[in-house]
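J.: The structure under discussion is supplied below as structure tokens; questions concerning it will follow.
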Amino acid sequence: MALRNSNRIRHLLARDEPVDDIEIRGWVRTRRDAKGVSFLELNDGSCRTSLQVVLSHDLPDFDVLAHQAGTGAAVSVRGSLAESPAAAQRWELQARALRIIGPSTPAYPLQKKRHSDEFLRTIAHLRPRTNKYGAMLRLRSRLSWAIHDFFQQRGFHCIHTPIVTGSDCEGAGAMFRVTTLDPAQLPRAGGGIDWSQDFFGREAKLTVSGQLSAETCCMALGDVYTFGPTFRAENSNTSRHMAEFWMIEPEMAFADLDDDMDLAEAMVKHLVAFAMEDCAEDLELFAKFVDPGLMARLDNILAHAFERLSYTEAVDILQRAGERFEFPVDWGCDLQSEHERYLTEKHFGKPVILRDYPRALKAFYMRGNDDGRTVAAMDLLVPGVGELIGGSQREERYDVLTERIEAFGFRLEDYWWYLDTRRYGGCPHAGFGLGFERFLMFLTGAGNIRDVIPFPRTPRHLEF
Ligand code: 4AD
Ligand code: MG
């Protein structure tokens with residue numbers, strides 16, 4: 001049996017020799033009719049470039065077939081791969097037979113060469129058939145693989161952490177509830193809803209982060225990571241937030257904040273270098289049509305060490321910046337996107353890692369610093385996007401951790417298993433979360449997070 005991919009366009013275009021007899025299947029991107037011949041741009045998803053198919057009007061049944069082989073149709077073409085006389089491409093397929101597998105009609109919405117991102121979001125089920133979204137989805141696929149490869153090569157173990165959870169990791173964003181109870185007939189007890197009658201016998205939510213589960217495995221396997229979907233019910237309609245996104249979360253035992261920052265920087269650089277080498281054709285599309293400064297920006301990422309400074313130093317820089325920020329900057333305030341972007345885009349002109357944030361701004365599990373008012377947190381900020389990574393050294397001291405959990409208003413009994421990791425063989429450890437979609441925005445220059453995932457989940461959008 002022939003290997004399925006031996007007749008993929010990507011492989012054919014890379015050939016040095018012509019092929020006498022080959023069959024290609026794909027979708028018609030465009031059709032152009034000239035005197036005696038028609039040209040189809042055929043794309044099979046294997047790469048960005050389409051294959052030019054030359055159809056002589058002498059082909060059997062040409063009139064009937066050509067009618068059905070309009071933009072969007074799925075077709076099979078048999079013929080020979082020959083040197084193309086046109087300057088634009090080396091190879092073309094000179095057809096001997098054309099077969100319609102799935103006809104299209106003139107109502108097919110992707111008739112034009114270019115469509116706005118806004119329009120394409122309304123047809124998310126068809127937009128993978130455009131050059132841009134095809135390129136984006138291939139990048140997503142290759143980068144997913146590269147992320148696993150990065151960690152596996154370094155001895156990290158992949159952990160599948162649960163999606164449905166009984167605990168709240170961040171304590172910041174709202175969570176989605178998971179229930180099988182009938183909303184019209186909720187069981188009541190003590191003035192509230194009786195969750196003991198629900199599927200799990202208690203309240204259940206969709207996870208906002210796999211971190212707490214990853215930490216437990218880290219205490220046995222040393223270095224681990226998770227790469228899975230996470231959910232946040234914040235009603236924030238920004239170009240950088242979604243209700244469902246994918247997060248990569250490594251966790252390292254016997255590691256501190258410096259190790260954490262080193263890993264974050266190495267990972268980002270590895271992925272950028274990988275994409276530039278492995279996905280050059282797809283990246284080029286974004287450099288050409290989305291962000292003309294893209295390649296220079298990516299080169300710049302690889303060329304320099306990321307800037308590392310404390311939150312306190314950053315506040316100082318922002319206060320002296322002489323910029324008119326919408327939100328004023330004082331020590332203790334949460335940095336807004338405008339501040340983060342000033343630091344990474346204007347002041348330093350490269351990625352910046354801020355560390356040691358005020359305790360009040362960060363999650364309960366971050367390790368308290370000796371100054372009593374900051375925690376060993378770090379955020380990686382990058383040009384164009386702002387926050388790409390959030391991480392920390394974890395609070396490994398049992399007493400401090402219990403005090404923090406209570407200070408956050410959580411019940412200790414809900415975290416008994418998490419606390420056990422500190423009770424039995426606890427050790428300094430650290431990790432971070434990288435938002436996969438934010439990374440893809442950073443990598444491609446895409447300005448809206450809705451355009452880097454096949455089916456974005458945002459407030460009031462659940463169509464596809
Ligand atoms: O900073 P966050 O909230 O950190 C955590 O969840 C930690 N538990 C991670 C860890 O230490 N293991 O989120 C991490 C990253 C952010 O820096 C951002 O890139 C992305 O996840 N992110 C989002 N991406 C898209 N939509 C949202 N609503 C996001 N919220 C966070
Ligand atoms: Mg964060």
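The values are calculated or read from the model by the stated rules, or taken from the named source; none is laboratory data. This one's a predicted model, so the numbers in the text were calculated from it and none came from an experiment. No Cβ is skipped: glycine too gets one built from the backbone with ideal geometry, and neighbour counts run over all protein chains shown. All accessible areas refer to the heavy atoms of the entire protein, side chains included, with ligands and DNA or RNA removed. Shrake-Rupley method; radii C 1.70, N 1.55, O 1.52, S 1.80 Å.
J.: Would you mind working out the accessible area per residue for the stretch 184-237, using a 1.4 Å probe, and quoting it in Å²?
T.: On the way: 2640 Å² over 54 residues.
Averaged over the residues of the stretch 184-237, the accessible area is 49 Å².
J.: Which value, in debye to the nearest 20, describes the size of the charge dipole of the chain about its Cα centre when Lys and Arg Cβ atoms bear +1, Asp and Glu Cβ atoms bear -1, and nothing else is charged?
T.: Roughly 1760 debye, rounded to the nearest 20.
J.: Tell me the carbon and sulfur percent of the accessible area for the chain, rounded to whole percent, probe radius 1.4 Å.
T.: About 51 percent, which is the carbon plus sulfur part of the accessible surface.
J.: Oh, and also: Report the one residue of Val315, Ser337, Ser141 whose Cα lies farthest in the direction of the positive end of the charge dipole of the chain (charges on C-beta: Lys and Arg +1, Asp and Glu -1; origin at the Cα centre).
T.: Of the candidates, Ser141 comes out farthest on the positive side.
J.: In whole angstrom, how far apart do the alpha carbon centroids of the stretch 334-370 and the stretch 278-297 sit?
T.: Each part's Cα centre sits 28 Å from the other's.
J.: Suppose a student asked you for the relative contact order of the stretch 40-116, using Cα pairs under 8 Å spaced at least 6 residues apart; what percent would you report?
T.: Numbers: 118 pairs, mean separation 24.5, N = 77.
About 32 percent, as a whole number.
J.: So what is the relative contact order of the chain, in percent, for Cα pairs below 8 Å that sit 6 or more residues apart?
T.: About 13 percent, as a whole number.
J.: Can you give me the angle between helix 294-303 and the longest principal axis of the chain, using Cα atoms only, in degrees from 0 to 90, rounded to the nearest 10?
T.: Long axis of 294-303 versus the principal axis of the chain: about 50 degrees.
J.: Would you calculate the separation in nanometres between label points at Asn300 and His11, each defined as 7 Å from the Cα along the Cα-to-beta-carbon direction?
T.: 4.1 nm
J.: Please label the shape of the stretch 67-134 as rounded, prolate or oblate, based on the square roots a ≥ b ≥ c of the eigenvalues of the alpha-carbon gyration tensor (a/c under 1.5 means rounded; beyond that, a/b larger than b/c means prolate, else oblate).
T.: It is oblate, given that a/c is not under 1.5 and a/b is not larger than b/c.
J.: Roughly what angle does helix 280-289 make with the longest principal axis of the chain, taking Cα atoms, 0 to 90 degrees, to the nearest 10?
T.: Tilt of helix 280-289: around 90 degrees.
J.: Helix 211-221 against the longest principal axis of the chain: what's the angle in degrees, Cα atoms only, rounded to the nearest 10?
T.: Long axis of 211-221 versus the principal axis of the chain: about 90 degrees.
J.: Counting heavy atoms of the protein chains only and a 1.4 Å probe, report the per residue accessible area for the stretch 272-324 as a whole number of Å². Before the final figure, lay out the partial values.
T.: On the way: 2820 Å² over 53 residues.
I get 53 Å² per residue for this part.
J.: With a cut-off of 8 Å between alpha carbons and a minimum separation of six or more residues, what is the relative contact order of the stretch 194-345 in percent?
T.: Computed over the stretch 194-345, the figure is 13 percent.
J.: Under a plain spin-label model, where a point goes 7 Å from the Cα along Cα-to-Cβ, how far apart in nm are Ala82 and Ala220?
T.: For the pair Ala82/Ala220, the computed spacing is 6.5 nm.
J.: Helix-only mean residue ellipticity at 222 nm, the chain, DSSP H runs n ≥ 4 weighted -39,500 (n - 2.57), per residue, nearest 500. What is it?
T.: It comes out at -8500 deg cm²/dmol, rounded to the nearest 500.
J.: What does the chain give for Rg and for Dmax, in Å, if only its C-alpha atoms count?
T.: That works out to 26.6, 84 Å for Rg and Dmax.
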